[in-house]
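Novice: Let me begin by handing over the structure; questions about it come next.
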Amino acid sequence: MVRIVPVNEATGPGSATKPPEIVGGRYLLGKTVGSGSSGAVYLARDRHTGERYAVKVREAREREQPVRFIAEAHDMARLRHPRLVPVLDRGNDDNLYWFVMPYYEKGSLRDRVKHRGPLRADLALSWTFQILEGLAVVHQAGLVHRDVKPHNVLLNEAEEAVLTDFGLVRHVHGGVPYRTRTDQSMGTPNYRAPEQAVDAATVDLRADIYGVGATLYFLLTARRPGFLYMVDGDDPAMDAVPPVMRPFVLRCMAYDARDRYPNAPAAAVVVADLADVLARQAGKQAPGDLWRRRLERRGKLSLWQRIVRWVGQ
C-alpha cells in the first residue's frame, strides 16, 4: 500500500487546474499530497527508474512567470544540506512549472504526533536541534523561512528531521523580482510569530526562532500553541513540558522578537545543553558534545558545497 505523505499542508490555494499526467517527459503524476500558496504537490513515479518522488507544480497564466515558485525551486536547489529538502530536478512544460523532491515515506513531525501522541523529551530535543541546524544554513544564505511548523519538517529514512516548503521565504537582501506587501499577514496561525501576523515584509530570522519554539511545544504537548498563552504563562498544557525545558520554549516564543534567541546557532547550543541535562538525569550518555561539534562544522563548506553555492549566485 502506498503511503501518501503530506509534503505541505495548505496555506492557500495552489494550481486550480489538474496538470497533465506526465511532466518533464518522465514524472508520472499520481495523487495530490499537498497544496500551498505557491503550488500543488503530487506523488509521482519516474517512468525511467520506477523511483517515487514528490513533484510540486504551478500552472502559470498566459505570458506569466510564477516568480515566487521559481525562486522557491532555486533556493531549495542551492541550499544543499542534510537538514534541508533538496530539489533534484526542475523545469517547465510551456505554462506548467515544476520541481522534483525526494519522497519521504515516514511523513512529517505533525504526522508522528498525530498518530503516536506527544513525544519523549529527548527525541523532541534531537529533532529540534536538527531543525535549527537547517535554519542556520537558511539564515546564513540571507533567507527567512517564515513557515517553520511540524507540518514542514519531514523525516528521512534515518528518522532525521528535514526542513521543507520554501514557498514563503523572505530574501532579506532582495535579489528576487517580487516583494511581500507592507502590512501583509503571512504564515500559519499558531506557528507564525506575532510580528509576522501584522507585517510579514519586515520580519527577520527571529520569526523562525518563534516557529521552532512553537514546534517543540507541539511535539511535547500534541497541542497547537497560542502565543497569548506564552505571554502570561497560564497554559495547562505546559505541564507536559519538562520544567528544565520550559524557559527555552518560552524564550523562543516571546512576544517581542528582541526577547528571543538571536539566531539559530545560539538556540541550538541551548538545546544541546538541555539534551545533556536530560541524559544525565536518565543515566545515559550525554549527546551534547557531538551535537555542538556538528554545529561548529556547519560553517566549513566542502568543495562541492562551495561549487553549488557559487553556481547558485
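Novice: Taking only pairs six or more apart or across chains, which ones have beta-carbon atoms under 8 Å, a first residue in segment 246-272 that is in the same structural domain as Ile131 (by TED's automatic domain parsing) and farther than 21 Å from Val198 by Cβ, and a second residue that is of a type in the set (Val, Ile, Thr) and outside any helix (DSSP H, G or I)?
Specialist: Val249/Val241
Novice: A further question follows. With the requirement that a residue be surrounded by fewer than 24 Cβ atoms within 10 Å (Cβ to Cβ) and either of a type in the set (A, V, I, L, M) or closer than 12 Å to His139 by Cβ (or both), what does segment 192-202 give you?
Specialist: Within segment 192-202, Ala197, Val198, Ala200, Ala201 qualify.
Novice: In addition: Out of all the residues in segment 148-177, which are at pLDDT 95 or above, within 19 Å of Arg206 (Cα to Cα) and either assigned to a loop (DSSP other than H, G, I, E, B) or in contact with a Cys (Cβ under 9 Å, 6 or more places away or on another chain) (or both)?
Specialist: Val148, Lys149
Novice: So which residues in segment 191-206 are touching a residue at least 40 places away in the same chain (Cβ under 8 Å) and in a loop (DSSP other than H, G, I, E, B), if there are any at all? Can you show your working first?
Specialist: Initially, segment 191-206 is screened for residues touching a residue at least 40 places away in the same chain (Cβ under 8 Å), giving 191-196, 200, 203-206.
Within segment 191-206, Tyr191, Arg192, Ala193, Val203, Asp204, Leu205 qualify.
Novice: For the list (1) buried (at least 16 other Cβ atoms within 10 Å of the Cβ); (2) outside any strand (DSSP E or B), I need the number of the one condition that His48 fails.
Specialist: Single failed check for His48: (1).
Novice: I need the full set of residues from segment 87-105 which are crowded, with 17+ Cβ neighbours inside 10 Å and under 28 Å from Trp291 (Cα atoms), in order please. Steps first, please.
Specialist: Initial filter on segment 87-105 (crowded, with 17+ Cβ neighbours inside 10 Å): 87, 89-90, 92, 96-104.
Residues satisfying the conditions are Val87, Met101, Pro102, Tyr103, Tyr104.
Novice: Just give me the residues in segment 1-45 being crowded, with 19+ Cβ neighbours inside 10 Å and modelled with pLDDT of 90 or more, in sequence order.
Specialist: Hits for segment 1-45 are Val23, Tyr27, Leu29, Val41, Tyr42, Leu43, Ala44.
The values are calculated or read from the model by the stated rules, or taken from the named source; none is laboratory data. Remember, predicted model here, so these are calculated numbers, not experimental data. Positions of Cβ are backbone-derived with ideal geometry, glycine not excepted, and every protein chain shown enters the neighbour counts.
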